[in-house]
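The values are calculated or read from the model by the stated rules, or taken from the named source; none is laboratory data. Owing to the predicted nature of the structure, the values given are computational and were not obtained by experimental measurement. Reconstructed Cβ throughout: ideal geometry from the backbone, glycine too, with neighbour counts over all protein chains shown. Ligands, DNA and RNA are stripped out before the accessible areas are found, and what is left, the full protein with its side chains, is counted by its heavy atoms. Shrake-Rupley method; radii C 1.70, N 1.55, O 1.52, S 1.80 Å.
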Amino acid sequence: MSEKITALVTGASRGIGAAIAHQLTEDGYFVVGTATSQDGARAIDERLGDHGAGIRLDVADSDSVANVAGLIGEKAPMPLIVVNNAGVTRDNLLMRMSDAEWNEVIETNLSGAFRVTKPMLRGMLKARWGRVINVGSVVGRLGNPGQGNYVASKAGLEGFTRSLAMEVASRGITVNAVAPGFIETDMTDALSEEQSAVMLERIPLGRMGSVNEIAATVSFLCSQHAGYITGQTLQVNGGLYFG
Ligand SMILES: NC(=O)c1ccc[n+]([C@@H]2O[C@H](COP(=O)([O-])OP(=O)(O)OC[C@H]3O[C@@H](n4cnc5c(N)ncnc54)[C@H](OP(=O)(O)O)[C@@H]3O)[C@@H](O)[C@H]2O)c1
(Lines give C-alpha, C1' and ligand atoms only; values in the text may rest on other atoms or scores of the structure.)
Protein backbone atom coordinates (compact mmCIF):
# COMPACT_ATOMS: atom_id res chain seq x y z
CA MET A 1 0.00 0.00 0.00
CA SER A 2 1.24 3.49 -0.92
CA GLU A 3 2.55 5.70 1.90
CA LYS A 4 2.15 8.82 -0.22
CA ILE A 5 -0.69 11.24 0.50
CA THR A 6 -3.79 10.00 -1.34
CA ALA A 7 -5.76 12.38 -3.56
CA LEU A 8 -9.26 11.40 -4.65
CA VAL A 9 -10.34 12.89 -8.00
CA THR A 10 -13.93 12.28 -9.09
CA GLY A 11 -14.65 12.11 -12.82
CA ALA A 12 -11.04 11.30 -13.71
CA SER A 13 -11.85 9.24 -16.81
CA ARG A 14 -11.56 12.16 -19.23
CA GLY A 15 -11.44 15.92 -19.68
CA ILE A 16 -10.46 18.15 -16.78
CA GLY A 17 -10.53 15.33 -14.21
CA ALA A 18 -8.08 13.19 -16.21
CA ALA A 19 -5.68 16.15 -16.43
CA ILE A 20 -6.00 16.84 -12.69
CA ALA A 21 -5.33 13.18 -11.89
CA HIS A 22 -2.22 13.18 -14.09
CA GLN A 23 -0.92 16.45 -12.61
CA LEU A 24 -1.39 15.26 -9.02
CA THR A 25 0.62 12.09 -9.74
CA GLU A 26 3.39 14.38 -11.07
CA ASP A 27 3.17 16.28 -7.79
CA GLY A 28 3.90 13.07 -5.90
CA TYR A 29 0.47 12.08 -4.62
CA PHE A 30 -1.12 8.65 -4.99
CA VAL A 31 -4.24 9.41 -7.02
CA VAL A 32 -7.49 7.48 -6.81
CA GLY A 33 -9.49 8.51 -9.88
CA THR A 34 -13.11 7.63 -10.46
CA ALA A 35 -15.23 6.74 -13.50
CA THR A 36 -18.90 5.79 -13.69
CA SER A 37 -18.15 2.45 -15.41
CA GLN A 38 -15.92 -0.48 -14.57
CA ASP A 39 -14.19 -0.12 -17.97
CA GLY A 40 -13.53 3.54 -17.23
CA ALA A 41 -12.06 2.63 -13.83
CA ARG A 42 -9.80 0.01 -15.46
CA ALA A 43 -8.59 2.57 -18.02
CA ILE A 44 -7.68 4.99 -15.19
CA ASP A 45 -5.85 2.15 -13.43
CA GLU A 46 -3.78 1.51 -16.55
CA ARG A 47 -3.11 5.20 -17.17
CA LEU A 48 -1.94 5.98 -13.65
CA GLY A 49 0.15 2.81 -13.27
CA ASP A 50 1.98 2.64 -9.93
CA HIS A 51 1.05 6.24 -9.13
CA GLY A 52 -2.67 5.67 -8.68
CA ALA A 53 -5.75 3.54 -9.10
CA GLY A 54 -9.17 3.70 -10.73
CA ILE A 55 -12.45 2.91 -9.00
CA ARG A 56 -16.08 2.97 -10.12
CA LEU A 57 -18.21 5.68 -8.56
CA ASP A 58 -21.55 7.32 -9.30
CA VAL A 59 -21.62 10.44 -7.12
CA ALA A 60 -25.38 10.75 -7.64
CA ASP A 61 -25.95 7.38 -5.97
CA SER A 62 -25.63 7.17 -2.16
CA ASP A 63 -24.96 3.41 -2.23
CA SER A 64 -22.13 3.86 -4.71
CA VAL A 65 -20.58 6.59 -2.54
CA ALA A 66 -21.02 4.45 0.59
CA ASN A 67 -18.74 1.84 -1.05
CA VAL A 68 -16.01 4.30 -1.85
CA ALA A 69 -14.15 4.36 1.46
CA GLY A 70 -13.90 0.55 1.32
CA LEU A 71 -12.68 0.57 -2.29
CA ILE A 72 -10.05 3.22 -1.57
CA GLY A 73 -9.01 1.41 1.61
CA GLU A 74 -8.03 -1.65 -0.44
CA LYS A 75 -5.55 0.42 -2.42
CA ALA A 76 -4.30 3.36 -0.39
CA PRO A 77 -4.56 5.35 2.87
CA MET A 78 -7.70 7.51 3.14
CA PRO A 79 -7.44 10.68 1.02
CA LEU A 80 -6.29 13.96 2.54
CA ILE A 81 -7.07 15.64 -0.78
CA VAL A 82 -10.50 15.48 -2.41
CA VAL A 83 -11.18 17.05 -5.81
CA ASN A 84 -14.91 17.13 -6.56
CA ASN A 85 -14.72 17.38 -10.34
CA ALA A 86 -17.50 15.05 -11.58
CA GLY A 87 -20.12 17.06 -13.42
CA VAL A 88 -22.82 16.86 -16.06
CA THR A 89 -24.97 19.23 -18.11
CA ARG A 90 -28.58 18.64 -19.13
CA ASP A 91 -29.36 21.94 -20.83
CA ASN A 92 -32.86 23.20 -21.49
CA LEU A 93 -34.83 26.40 -21.16
CA LEU A 94 -36.58 26.44 -17.81
CA MET A 95 -40.03 26.35 -19.40
CA ARG A 96 -39.09 23.00 -20.98
CA MET A 97 -36.83 21.58 -18.28
CA SER A 98 -38.03 18.28 -16.84
CA ASP A 99 -37.73 17.32 -13.18
CA ALA A 100 -35.32 14.60 -14.31
CA GLU A 101 -33.02 17.13 -16.03
CA TRP A 102 -33.06 19.40 -12.98
CA ASN A 103 -32.51 16.59 -10.50
CA GLU A 104 -29.74 14.79 -12.36
CA VAL A 105 -27.60 17.90 -12.55
CA ILE A 106 -28.17 18.94 -8.93
CA GLU A 107 -27.68 15.38 -7.64
CA THR A 108 -24.41 14.95 -9.56
CA ASN A 109 -22.76 18.37 -9.41
CA LEU A 110 -23.90 19.62 -6.01
CA SER A 111 -25.19 16.77 -3.83
CA GLY A 112 -22.39 14.58 -5.24
CA ALA A 113 -19.78 16.89 -3.72
CA PHE A 114 -21.56 16.76 -0.35
CA ARG A 115 -21.82 12.95 -0.47
CA VAL A 116 -18.18 12.40 -1.39
CA THR A 117 -16.63 15.04 0.88
CA LYS A 118 -18.44 14.11 4.09
CA PRO A 119 -16.97 10.62 4.61
CA MET A 120 -13.49 11.83 3.59
CA LEU A 121 -13.35 14.57 6.24
CA ARG A 122 -12.69 12.22 9.17
CA GLY A 123 -9.18 11.33 7.91
CA MET A 124 -8.33 14.99 7.27
CA LEU A 125 -9.57 16.06 10.71
CA LYS A 126 -7.40 13.35 12.30
CA ALA A 127 -4.37 14.37 10.23
CA ARG A 128 -5.02 18.04 10.95
CA TRP A 129 -4.33 18.72 7.28
CA GLY A 130 -6.43 18.46 4.17
CA ARG A 131 -7.50 19.98 0.90
CA VAL A 132 -10.99 20.00 -0.59
CA ILE A 133 -11.25 21.46 -4.08
CA ASN A 134 -14.60 21.80 -5.81
CA VAL A 135 -14.72 22.35 -9.56
CA GLY A 136 -17.32 25.03 -10.19
CA SER A 137 -17.83 27.05 -13.34
CA VAL A 138 -17.67 30.67 -14.45
CA VAL A 139 -21.40 30.44 -15.21
CA GLY A 140 -22.03 29.98 -11.47
CA ARG A 141 -21.40 33.76 -11.32
CA LEU A 142 -22.43 34.82 -14.84
CA GLY A 143 -25.62 32.82 -15.25
CA ASN A 144 -26.37 31.20 -18.60
CA PRO A 145 -29.70 30.88 -20.40
CA GLY A 146 -30.64 27.24 -20.88
CA GLN A 147 -28.50 26.14 -17.93
CA GLY A 148 -30.67 26.97 -14.90
CA ASN A 149 -29.95 23.55 -13.37
CA TYR A 150 -26.19 23.63 -14.05
CA VAL A 151 -25.75 27.25 -12.94
CA ALA A 152 -27.70 26.60 -9.73
CA SER A 153 -25.48 23.58 -9.00
CA LYS A 154 -22.27 25.54 -9.56
CA ALA A 155 -23.41 28.60 -7.58
CA GLY A 156 -24.46 26.22 -4.80
CA LEU A 157 -21.05 24.60 -4.87
CA GLU A 158 -19.45 27.97 -4.15
CA GLY A 159 -21.66 28.48 -1.08
CA PHE A 160 -20.87 24.94 0.07
CA THR A 161 -17.15 25.74 -0.36
CA ARG A 162 -17.32 28.86 1.80
CA SER A 163 -19.35 27.24 4.60
CA LEU A 164 -17.20 24.12 4.81
CA ALA A 165 -14.06 26.27 4.74
CA MET A 166 -15.25 28.00 7.91
CA GLU A 167 -16.15 24.70 9.59
CA VAL A 168 -12.78 23.00 9.15
CA ALA A 169 -10.23 25.83 9.00
CA SER A 170 -9.17 25.38 12.63
CA ARG A 171 -8.02 21.83 11.73
CA GLY A 172 -5.64 22.90 8.96
CA ILE A 173 -8.01 21.94 6.16
CA THR A 174 -8.54 24.37 3.29
CA VAL A 175 -11.61 24.27 1.05
CA ASN A 176 -11.61 26.12 -2.26
CA ALA A 177 -13.32 26.11 -5.62
CA VAL A 178 -11.83 26.44 -9.10
CA ALA A 179 -14.18 27.96 -11.64
CA PRO A 180 -13.12 27.11 -15.20
CA GLY A 181 -14.26 29.24 -18.10
CA PHE A 182 -14.57 27.72 -21.55
CA ILE A 183 -12.27 24.66 -21.63
CA GLU A 184 -11.70 22.19 -24.47
CA THR A 185 -13.32 18.90 -23.39
CA ASP A 186 -16.18 16.55 -24.38
CA MET A 187 -18.51 18.90 -22.48
CA THR A 188 -17.73 21.87 -24.76
CA ASP A 189 -17.45 19.66 -27.89
CA ALA A 190 -21.20 19.21 -27.46
CA LEU A 191 -21.75 22.93 -28.24
CA SER A 192 -22.61 24.01 -31.78
CA GLU A 193 -20.07 25.99 -33.84
CA GLU A 194 -22.28 29.01 -33.48
CA GLN A 195 -22.45 28.72 -29.68
CA SER A 196 -18.64 28.30 -29.52
CA ALA A 197 -18.04 31.33 -31.76
CA VAL A 198 -20.30 33.52 -29.60
CA MET A 199 -18.46 32.41 -26.47
CA LEU A 200 -14.98 32.94 -27.98
CA GLU A 201 -15.87 36.52 -28.91
CA ARG A 202 -16.50 37.24 -25.23
CA ILE A 203 -13.11 35.95 -24.01
CA PRO A 204 -10.45 38.70 -23.82
CA LEU A 205 -7.60 36.17 -24.22
CA GLY A 206 -9.32 35.06 -27.43
CA ARG A 207 -9.08 31.31 -26.95
CA MET A 208 -10.49 28.38 -25.04
CA GLY A 209 -8.59 27.17 -22.00
CA SER A 210 -6.82 23.83 -21.78
CA VAL A 211 -7.44 21.10 -19.24
CA ASN A 212 -3.82 21.48 -18.13
CA GLU A 213 -4.45 25.08 -17.11
CA ILE A 214 -7.20 23.93 -14.75
CA ALA A 215 -5.05 21.05 -13.47
CA ALA A 216 -2.21 23.48 -12.69
CA THR A 217 -4.57 25.63 -10.61
CA VAL A 218 -5.79 22.61 -8.64
CA SER A 219 -2.17 21.56 -8.16
CA PHE A 220 -1.34 24.98 -6.68
CA LEU A 221 -4.33 24.88 -4.32
CA CYS A 222 -3.22 21.43 -3.09
CA SER A 223 0.32 22.65 -2.41
CA GLN A 224 1.79 24.08 0.79
CA HIS A 225 2.14 27.43 -1.08
CA ALA A 226 -1.65 27.79 -0.97
CA GLY A 227 -1.91 27.11 2.78
CA TYR A 228 -3.37 30.56 3.56
CA ILE A 229 -6.07 30.43 0.87
CA THR A 230 -9.45 29.09 1.90
CA GLY A 231 -13.10 29.64 1.06
CA GLN A 232 -12.14 31.15 -2.29
CA THR A 233 -13.22 30.56 -5.84
CA LEU A 234 -10.32 30.88 -8.26
CA GLN A 235 -11.54 31.99 -11.68
CA VAL A 236 -9.60 30.48 -14.61
CA ASN A 237 -11.40 31.88 -17.61
CA GLY A 238 -9.18 33.97 -19.92
CA GLY A 239 -10.76 37.18 -18.63
CA LEU A 240 -14.34 36.20 -19.43
CA TYR A 241 -15.33 37.28 -15.93
CA PHE A 242 -13.41 39.18 -13.27
CA GLY A 243 -14.83 37.98 -9.97
N1 LIG B 1 -15.33 21.93 -20.06
C2 LIG B 1 -15.62 23.15 -19.64
O3 LIG B 1 -15.57 24.13 -20.40
C4 LIG B 1 -16.02 23.38 -18.21
C5 LIG B 1 -16.26 24.70 -17.82
C6 LIG B 1 -16.60 24.96 -16.51
C7 LIG B 1 -16.70 23.93 -15.60
N8 LIG B 1 -16.48 22.65 -15.99
C9 LIG B 1 -16.60 21.61 -14.97
O10 LIG B 1 -15.44 20.82 -14.92
C11 LIG B 1 -15.76 19.48 -14.52
C12 LIG B 1 -15.25 18.51 -15.56
O13 LIG B 1 -15.79 18.86 -16.81
P14 LIG B 1 -15.29 18.21 -18.19
O15 LIG B 1 -15.49 19.24 -19.23
O16 LIG B 1 -13.96 17.57 -18.00
O17 LIG B 1 -16.44 17.11 -18.37
P18 LIG B 1 -16.47 15.77 -19.23
O19 LIG B 1 -15.34 15.72 -20.20
O20 LIG B 1 -17.87 15.67 -19.71
O21 LIG B 1 -16.21 14.64 -18.09
C22 LIG B 1 -17.13 14.52 -17.03
C23 LIG B 1 -16.54 13.59 -15.99
O24 LIG B 1 -17.51 13.47 -14.91
C25 LIG B 1 -17.79 12.09 -14.72
N26 LIG B 1 -19.17 11.92 -14.26
C27 LIG B 1 -20.32 12.26 -14.89
N28 LIG B 1 -21.39 11.90 -14.14
C29 LIG B 1 -20.90 11.32 -13.02
C30 LIG B 1 -21.48 10.74 -11.87
N31 LIG B 1 -22.82 10.66 -11.70
N32 LIG B 1 -20.67 10.22 -10.91
C33 LIG B 1 -19.33 10.28 -11.04
N34 LIG B 1 -18.72 10.80 -12.10
C35 LIG B 1 -19.49 11.32 -13.08
C36 LIG B 1 -17.56 11.44 -16.06
O37 LIG B 1 -17.35 10.05 -15.89
P38 LIG B 1 -17.62 8.99 -17.12
O39 LIG B 1 -16.49 9.18 -18.10
O40 LIG B 1 -17.59 7.66 -16.45
O41 LIG B 1 -18.96 9.37 -17.70
C42 LIG B 1 -16.30 12.19 -16.53
O43 LIG B 1 -15.15 11.66 -15.91
C44 LIG B 1 -17.29 19.45 -14.39
O45 LIG B 1 -17.65 19.63 -13.03
C46 LIG B 1 -17.74 20.65 -15.22
O47 LIG B 1 -18.97 21.14 -14.79
C48 LIG B 1 -16.14 22.34 -17.28
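Listed here are the residues, each with its yes/no results for (1) of a type outside the set (Gly, Ala, Ser); (2) buried (at least 17 other Cβ atoms within 10 Å of the Cβ).
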{"position": "ILE203", "(1), (2)": "yes, yes"}
{"position": "ARG207", "(1), (2)": "yes, no"}
{"position": "VAL211", "(1), (2)": "yes, yes"}
{"position": "THR217", "(1), (2)": "yes, yes"}
{"position": "SER223", "(1), (2)": "no, no"}
{"position": "ALA226", "(1), (2)": "no, yes"}
{"position": "ILE229", "(1), (2)": "yes, no"}
{"position": "LEU234", "(1), (2)": "yes, yes"}
{"position": "GLY238", "(1), (2)": "no, yes"}
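Scanning segment 135-145 turns up at least one residue that is under 18 Å from the mean Cα position of the chain (by Cα) and more than 19 Å from GLY17 (Cβ to Cβ). Screening ALA66 against (1) surrounded by 15 or more Cβ atoms within 10 Å (Cβ to Cβ); (2) more than 9 Å from the ligand (Cβ to nearest atom); (3) farther than 29 Å from GLN224 by Cβ; (4) not hydroxyl-bearing (Ser, Thr, Tyr) leaves a single unmet condition, (1). When segment 164-200 is filtered for residues that are small (Gly, Ala, Ser), in contact (Cβ under 8 Å) with a residue 24 or more places away in the chain and within 14 Å of the ligand (Cβ to nearest atom), the ones remaining, listed by number, are ALA177, ALA179, GLY181, ALA190. Scanning segment 120-154 for residues that are aromatic (Phe, Trp, Tyr) and open to solvent by less than 30 Å² (accessible area, probe 1.4 Å) turns up just one, TYR150.
Under the condition of being among the small types (Gly, Ala, Ser) and under 12 Å from the mean Cα position of the chain (by Cα), the residues counted in segment 96-118 number 2.
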